[in-house]
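Read the figures in this text as sums done on the coordinates, not as results from a lab. These figures come from a predicted structure and were not determined experimentally. Positions of Cβ are backbone-derived with ideal geometry, glycine not excepted, and every protein chain shown enters the neighbour counts.
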Amino acid sequence: MSKAEKASAGEPAYAPEEFMICVMARLLEGLGHVSVGALSPIPGCAALLAREVSGAQEAGTEAASAGPGQGNNKRRGGPKVRQGQKTNPLRVSIIHGDANNPFTDGGREIFDCAGQGRIDAFFLGGAQIDGGANINLLGVGPYPKLEKRFPGSFGSAYMYFTVPNVILFAPEHSRRVLVERVDFISAPGTSPPGMRRPGGPKALVTGLCLMSFEAENKRFRLRSVHPGHTLEEIRDNTGFDFDLPDGAGEIVPETPEPEPERLEMLRSTIAAEIVKTYPGFAARVFQCRA
Amino acid sequence: MTSMEDLESLAARVPDGALLALAPEYSWVPMALIRALIRRRVKDLHLLTVPIGGLAADLLIGSGAVKTLESAAVSLGEAGPAPRFSEAVEGGALDMRDSTCPAIHTALQASEKGVDFMPLGGLVGSDLVDNRGDWKVVDDPLGRGGGPVVLLPAIKPDVAVFHSSRADTQGNVWIGRRRELVTMSHAAAATLVTVEAVEDRDFLDDEATAAGTLSGLYVTAIAVAIGGARPLGLTGHYERDGDHIRAYAEEAKTGDGFKRYLDREVFAETGAETGAETGAETGAETGAGS
């Protein structure tokens, strides 16, 4: 069934991945430099989409130039750009492969860059994420002889401390993933006072909802529920307690549908871009081949 | 001087029990050399992935060559989990030293500088730290206000290995922007490189090539292996063979399947990838990835 046929049959005219990408892209508006790590096709698309949107919004202005600690400042001293040349104020860096990868100093550069405060946003998944935003990328069961081993912690134990806007993503919203307490802390959601920590979790995007994280009380707060889903469904499938929006009672806002022009942008420009890094994902979601 | 030899003698330079450093899949993995190591039944390796591993690590682990693994993650990327790695960890067959990407880069940088340890921010509160008896958390010794910091002992690989498109007759090797290969080689006691070709020139005579060159000062021995990174990719020469990796991910889910893969792709290879002349004549560019 084509997307148009699905739409007329009352089904959404987009894939769940496309929906999550659009939700995540909105969280990146106004930022200067977004980085994307390993095994992250959905965040990669979201970052590229946000870049494309930022370029459309600010075409012809000065380009971004993220200096130390001012990645999110308004682009002072950026290079002047020739009249009519397209610019994207949002800078995106994707490690792994050469496409959209600005790093020339080896695997360590993204971490050094983050440590200097030059990266405004990063994405982390989690085989498990708990109510305190601790994430587990390593495995389930008692360490070290795990019941189920996942790839490993990657750079999470550093990026979570250094990047101010970490967006957590969990396409599968279930009690298997969103647990009361992670079995292994790859990276902690919060740190005690006295620890230098400019970075940390800001939001959690799942297949069912959008939550924000409040480090002061170490809890998630539900922000919106994706169309077709309910608060009850979210409670049933979440292993931890979370707060509701202030003054909302039991009525929680609905996450907006993908903007049609952004869906179009995603399926054309962004699909052609992400296929260079994630050919399998691009083929599956966008039917796009390199 | 750098020694020019064939693939099998390069493999003979990796002793059993060596601390072997291996870069990630996007960074020119010497797959032909890895297969030669498996054919010579190397054992008790202490494998270090810089900082993450993929097919090469999975092959070495599955063939019983690895005793200790230090890694931030092992995965086959879009093809999914690394099956032999997962099973080995779940079965307790590996002495696992779980790490995080910047910790591996930093510990190699300590060796580059010839110091015994280096500090790294972040990390504190991750269960990785508690499970690493060789890491130490100390209070900021200079009182700069950063709070606790983790000290990482220098990692000094016995051998670093990688593949490149070209070396010159002086033993210099082209690394382009893949500078983790430089860090790894600086830190290692010996560096072994396979190349597509050896050029009769000196890369250091030309500023454009010098900037992307690992000096022969660090290169112990070089062997020609045409298609030596296949089925993984080599920037500007050939792409990663996604179909091969996906088929491997499926076949190697069982021990029997893995053995079939080894018999077919590793042990059945005769002289096809063991020398420059043979390789050129038999069109071994397809390597084991065909």
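Mean residue ellipticity at 222 nm from the helices of chain B, using -39,500 (n - 2.57) per DSSP H segment of n ≥ 4 over the full residue count, to the nearest 500 deg cm²/dmol?
Working: 11 runs with 85 residues, N = 290.
Counting only the DSSP helices, I get -7500 deg cm²/dmol.
Just going by the charge dipole of the protein assembly as shown, with Lys and Arg at +1 and Asp and Glu at -1 on Cβ, which of B:47, B:217, A:249 is farthest out on the positive end?
Positive-most Cα among the choices belongs to A:249.
Normalising by the residue count of chain B, find the relative contact order in percent from Cα pairs under 8 Å and 6+ residues apart. Can you show the working numbers first?
Details: 645 pairs, mean separation 62.1, N = 290.
This gives 21 percent for chain B.
Specify the residue with the greatest mean-square fluctuation among A:220, A:103, A:184, computed from a Gaussian network of chain A linking alpha-carbon atoms under 10 Å apart.
Greatest mean-square fluctuation among the candidates belongs to A:103.
What's the center-to-center distance, using Cα atoms, between the range B:48-100 and the range B:217-244 in Å?
20 Å
I need to check one value: relative contact order of chain A, counting alpha carbon pairs closer than 8 Å and at least 6 residues apart, in percent.
Numbers: 586 pairs, mean separation 47.4, N = 290.
Worked out over chain A, it gives 16 percent.
Quick one: dipole size for chain A, taken about the Cα centre, charges +1 on Lys/Arg Cβ and -1 on Asp/Glu Cβ, in debye to the nearest 20. Intermediate results must be reported in sequence, preceding the final value.
On the way: 32 positive and 33 negative charges, 211 e Å.
The dipole magnitude comes to about 1020 debye.
Expressed as a rounded percentage, what relative contact order does the range B:63-216 have, with Cα pairs under 8 Å and six or more residues apart? It would help to have the intermediate numbers written out before the result.
Details: 246 pairs, mean separation 29.7, N = 154.
19 percent.
Once amide H atoms are built 1.01 Å from N in the peptide plane, which residues 5 or more positions from residue B:165, or in another chain, come under 5 Å H to H?
The list, which skips near neighbours in sequence, is B:196.
Around residue B:118, which amide H atoms from residues at least 5 apart in sequence, or from another chain, sit under 5 Å from its own amide H, with H modelled in the peptide plane?
Those lying under 5 Å, H to H, from residue B:118 are B:152, B:154.
Beyond a 26 Å Cα-Cα separation, which of these cross-linked pairs lie in this structure: B:43/B:136; A:148/B:253; B:43/B:253; A:145/B:43? Intermediate results must be reported in sequence, preceding the final value.
Numbers: B:43/B:136 30 Å; A:148/B:253 14 Å; B:43/B:253 22 Å; A:145/B:43 22 Å.
Pairs exceeding the cut-off: B:43/B:136.
So what's the net charge close to residue A:282: Lys and Arg +1, Asp and Glu -1, counting the other residues with Cβ under 13 Å from its Cβ?
Values: positive: A:267, A:276, A:284, A:289; negative: A:17, A:18, A:273, B:78.
Here the count lands on 0.
What net charge do the residues around residue B:235 carry, taking every other residue with its C-beta under 14 Å from that of residue B:235, with Lys and Arg at +1 and Asp and Glu at -1? Please report the intermediate quantities before stating the final value.
Values: positive: A:276, B:166, B:177, B:178, B:179, B:230, B:240; negative: A:98, B:25, B:180, B:196, B:239.
Spelling it out: positives minus negatives among the neighbours equals +2.
Under DSSP H, which helices of chain A have Cα atoms covering 18 Å or more of the helix axis and a Kyte-Doolittle average no less than -1.0?
Numbers: long enough: A:41-58 (25 Å, 0.34).
Passing helices, by number: A:41-58.
With Cβ to Cβ distances under 9 Å as the rule, what net charge do the other residues near residue A:108 carry (K, R +1; D, E -1)? Present the calculation step by step, with values, prior to reporting the outcome.
Values: positive: B:179; negative: A:105, A:109, A:112, B:180.
Net of charged neighbours comes to -3.
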